[in-house]
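This report refers to the structure that appears directly beneath it.
The values are calculated or read from the model by the stated rules, or taken from the named source; none is laboratory data. The structure displayed is predicted, hence computed values, not measured ones. As a convention, Cβ positions derive from the backbone with ideal geometry for all residues, glycine included, and neighbour counts pool all protein chains shown. With ligands, DNA and RNA removed, areas are computed over all heavy atoms of the protein, side chains included. Shrake-Rupley method; radii C 1.70, N 1.55, O 1.52, S 1.80 Å.
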Amino acid sequence: MPRRMNHRLGFVGFLSLAACAGGSPGATCGGIHPLPAGFDPAARVENAASARLTDSGMAFLQANLGVLATKALEGTGMAKNGVIEFPVPEAAGDAGLGNSYTLCPGGPDPATGKCIAEIDVGHAKIKLGTATPHNITASGPVPIRVRNLPVNIKALGFIPIDTVAVISGGGKGQCEAAEMTFKDVTVTANISIEVERDPNHPTRVGYTKIRVPKDGIVVDKEAILEALHFCPDNLTSTVMGWFVPVMGDALLSGFTDQISASLNEMLCQKANPSYTPQCPNGSEAKDGVCMYQDGTCVPIFLGVDGNADLGSLFASFAPGVSGSLDFLFAAGGQGARPDNANMGWGDLNPVNAGGTLGLLGGVAPKPSDCVPLADLKLPKNLPIPSELLENTISGWTGEGPHFGAALSESFVNHALAGVYNSGALCIGISTEQVNLLHTGIVSLLIPSIKFLTYQKRNQPLAVVVRPQKPPVVAFGTGSDLAADPMVRLKLDQAILDFYAWSSDRFVRILSAQFDFDVPMNLDVGPDGITPKLDKINVANPSVTNTGLLKEDPQKIGNAISDVITGMAGDFIGNMPTVNPGSALGSFGLTLEIPAGGLRKVTSGQEDFLGVWARMGIATTPTTSLETDTTVEIVEKVAPVEGFRLATHDEASKPRLRVRMGSSRDDGQRAIEYSYRLNRGFWHTWRRDKEIVIDDPILIMQGRHELSVVSRVVGEPMTVDRTPARTSFVLDVDPPRVSLTPHAEGGFRVQADDIV
């Protein structure tokens, strides 16, 4: 078997042993499995986060409701050209004095338009607001039309009259279906956003649900009666006086019932035939909808929960991870609010003409053997910060904010401890993922490594991380990256085991323990939120298991700190961008977080990471605001001493002098730049056009890539989305050449180069 294939197969087996978390359950679906019994109530954290729609956010939605409703409804197939259709059911009634009628005999027929009410949601002029106890209110003129509503009448008990009722805006003379216009009818709706408290619905108790109460839809009866007429108009005013009011009541009742039923059906969870069972425990699929035994449907879930197969989820940027954990992040919370003992955190709080809602969070890992388990203490009594009850924040300029949210520091640390207990941080990587990670490069720092490999040749290297303590996060102001970053992540006592491919297997050559300190600020751009940092601090190196090496363990620890820092940078750089507005795309909305929209807030003893944003209507993407960046390497300094264990120090570090430019640097705007090396993290913004780069990853000889982006200062959306890139090679060691006499004369030349 080829040696390269040998080491690949060996690495697969090696990772199977190294990433020793609990394992994945059953068949996967993109790494996420449903939780038929729901997330364990005992592991829920109330107010893990909170969210608010401000009064200006309500006004924005109100101003754009037609466009948004049209897109949302057409996306579900419920509307066409902004018009949604409702069937009018058959109904019979008595008008008194022996007069009776049958409305819509035989029922509706969408193919012919018979008994179909049309609502032009795209041209509705609805006012939105909030109201006690936990309601969103919507009221205003809605264009309504019914063009073909057959009616069988018996006047005085024996005179049959067959006619067609019409609701249109053109009055009695409007009887041609193609010419019928819409009638503006005032509709008022109360939509309740409240905590599920029914014990017969156990998988939803404590979560927030949306529902339209039975009397939640009110339609202006007088407007309906005004628009109701017959075609042809062959009824006398006396007969009209008998039938129109009662028919109007029947039509109105059926109409409002149908709207309520349709809206509530939209708010029901659909059965998923891809899963077994298709619905949460305690419910069953009926006509594609999950229904409880009491005849009510399971409300849609305002968030996400499930079981995560971490190996599948992290495969693209953290291969070798294994493990599983249940997770939860959804609107809800039964705990009594201090402002109203009858309301829970998951009930909409209609405060200051906006609406605030608490969110539940939770993690429940399957414990792993690869870490000493941490105490997964549940945070309790978390508040909602006062900023999430207001309509603006200090320093905000321009329209909005429309939306605000706050994430609890205590919950984040609780979640990180759960992730740690699951084994998700037992990461294994090798040359297959980081091509600079091989014995040849590392042997330049630690020379005795080459004696462990076949013919002293370049061989794969693998590293396994075994954390001994969970990560800890602290939120800050971001005013000083070193002293007060927006996010400081610490991981103490992380053990890294290094393995070299030797004699057809991976052999451990050393173990190193470090404390990691990662100060970062969060940056906002068109693609979402990304971490920006300048340095990963590695401290307290301790090297053991070096029996196969000749070098002093303390010197090894100091030298490989830069290697470890570079690897950690690659890992952070490969983490996905977080886009808070991605879920709004299906509604035709965008979410813009301006400068200053991310900040720390504090309530009592609890710190939060707050985000405030303004919404917009999605349009065709444009690049007119983007900058176009240039970069060139002016000087490359690579002293050989910087690549040797005995002489490596701060003064001998390899470094680059780089010059950057931007197409929007016209002297009228201030421009700032950010860079990254290889697949590492993006560094914080700086205004200098010429900088010196001495990142730790440069200690690794080989081919590197430098990427640079630019933007106008204070304008996050102007960032260059196609970075300028340039490649360079660091290679201070000459090729090795050997000459040996050949039996048939001449010489055999053998040469190799580590880079």
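What do you reckon, how do Glu672, Glu635 stack up by accessible area (1.4 Å probe), largest on top?
Greatest to least solvent exposure: Glu635, Glu672.
Would you mind calculating the relative contact order of the range 246-307 from Cα pairs under 8 angstrom and at least 6 residues apart, reporting the percent as a whole number?
Over the range 246-307, the number comes to 25 percent.
At R0 = 60 Å, how high is the FRET efficiency between Arg669 and Ser542 if r is their beta carbon distance? Nearest 0.05 is fine.
0.75
Give the calculated FRET efficiency between Val205 and Arg657 to the nearest 0.05, with a Förster radius of 60 Å applied to their Cβ-Cβ distance.
Here the calculated transfer efficiency is 0.45.
If I ignore ligands, DNA and RNA and count only protein heavy atoms, how much of Lys286 is accessible to a 1.4 Å probe, in Å² to the nearest 10?
The value for Lys286 is about 100 Å².
Classify the range 174-235 as rounded, prolate or oblate from the Cα gyration tensor: take a ≥ b ≥ c as the square roots of its eigenvalues, call it rounded if a/c is under 1.5, otherwise prolate when a/b beats b/c and oblate if not.
Prolate.
Using a 1.4 Å probe on the protein heavy atoms only, what accessible surface does Trp345 show? Give it in Å² to the nearest 10.
Trp345 has an accessible surface of roughly 40 Å² with all protein chains in place.
Report, in deg cm²/dmol and to the nearest 500, the calculated mean residue ellipticity at 222 nm for the chain, where each DSSP H run with n ≥ 4 adds -39500 (n - 2.57) and the sum is divided by the residue count.
Taking each H run of at least 4 residues, the total per residue is -5000 deg cm²/dmol.
Thinking of the range 620-755 as a set of Cα atoms, what percent of all their pairs are more than 23 Å apart?
Counting every Cα pair in the range 620-755, those more than 23 Å apart make up 49 percent.
Need one value: the accessible area of Leu416 in square angstrom, 1.4 angstrom probe, rounded to the nearest 10.
Accessible area, nearest 10 Å²: 40 Å².
Hey, any idea what Rg/Rh is for the chain, computing Rh the Kirkwood way over Cα pairs?
Using Cα coordinates only, the ratio equals 1.10.
Regarding the range 545-686, what are the three Cα extents along the principal axes, ordered largest first, in Å?
Result, largest extent first: 64, 46, 31 Å.
Expected output is a single nm value to one decimal: the length gained when fully extending between Phe451 and Met575, i.e. 0.36 nm times separation in residues minus the C-alpha distance. What is it?
Working it through step by step, the gained length comes to 41.1 nm.
I'd like the FRET efficiency for Thr590 and Thr186, computed as 1/(1 + (r/R0)^6) with the beta carbon distance as r and R0 of 41 Å, rounded to 0.05.
With a Förster radius of 41 Å, E is 0.85.
For the chain, list the DSSP H helices whose alpha carbon atoms reach 30 Å or more along the long axis and whose average Kyte-Doolittle value is 0.0 or above?
In the chain, the long hydrophobic H runs are 237-266.
Let me check the size of the range 555-609 from its C-alpha atoms; what are the radius of gyration and Dmax in Å?
Cα-based Rg and Dmax for the range 555-609 come out at 18.9, 58 Å.
Using a simple spin-label model with points 7 Å from Cα along the Cα→Cβ vector, what separation in nm is obtained for Arg725 and Glu222?
Output for this residue pair reads 6.9 nm.
So which of Lys377/Lys535; Lys127/Lys221; Lys555/Lys653 end up more than 23 Å apart, counting from Cα to Cα?
Over 23 Å apart, Cα to Cα: Lys377/Lys535.
Size of the dipole of the chain about the Cα centre, Lys and Arg at +1 and Asp and Glu at -1 on the beta carbon, nothing else charged, in debye to 20?
That gives the chain a dipole magnitude of about 1840 debye.
Tell me, in nm to one decimal, what length is gained between Asp515 and Lys689 on full extension, where the rule is 0.36 nm per residue of separation less the Cα-Cα distance?
59.3 nm
Run the reach check for Lys270 against lysines, Cα to Cα strictly under 18 Å, same-chain hits fewer than 8 apart removed. What comes back?
Filter leaves Lys209, Lys286.
Would you mind putting 469-476, 376-383, 128-135 in packing order, based on average other-beta-carbon counts within 10 Å, highest first?
In decreasing order of mean packing, 469-476, 376-383, 128-135 become 469-476, 128-135, 376-383.
Starting from the Cα-Cα distance between Leu389 and Thr477, subtract it from 0.36 nm times their residue separation and give me the gain in nm to one decimal.
Answer, rounded to one decimal: 29.6 nm.
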